[in-house]
């Protein structure tokens, strides 16, 4: 019994460490053109709106790939699905980092009052 549990833990550990390495090796300029038809200016753009559009395109491609896999379509590619997921996670994390700074700046410029409005009695 313990041998089976140990092998399960080591397999889980191997998978986790392997997925961590993959997410760190994502390169936008190298990987995105292989996954989506993009113009060069779409790859290098750093605008939040362009980034949100890119995330939408990645979600759409992921959904299509997931549907192909679920229906056992002959064009389904597990490697492409994994690459799309890796790219989506990396781009979503980058988008959150970028928008967190702008949200923080917006809060600092216009902080929400912590005092509650007290009702006035007539």
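The values are calculated or read from the model by the stated rules, or taken from the named source; none is laboratory data. Being a predicted model, the structure only gives us computed values, none of them experimental. A quick note on method: Cβ atoms are made from the backbone with ideal geometry, for glycine too, and the neighbour counts reach across all protein chains shown.
Here are the numbers for this structure:
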quantity	calculated
Any hit, region 2-25, residues being modelled with pLDDT of 85 or more, touching a helix residue (DSSP H, G or I) at 6+ places or on another chain (Cβ under 9 Å) and part of a helix (DSSP H, G or I)	no
Residues satisfying the stated conditions in region 45-97, i.e. outside any helix (DSSP H, G or I) and surrounded by 15 or more Cβ atoms within 10 Å (Cβ to Cβ)	45, 76
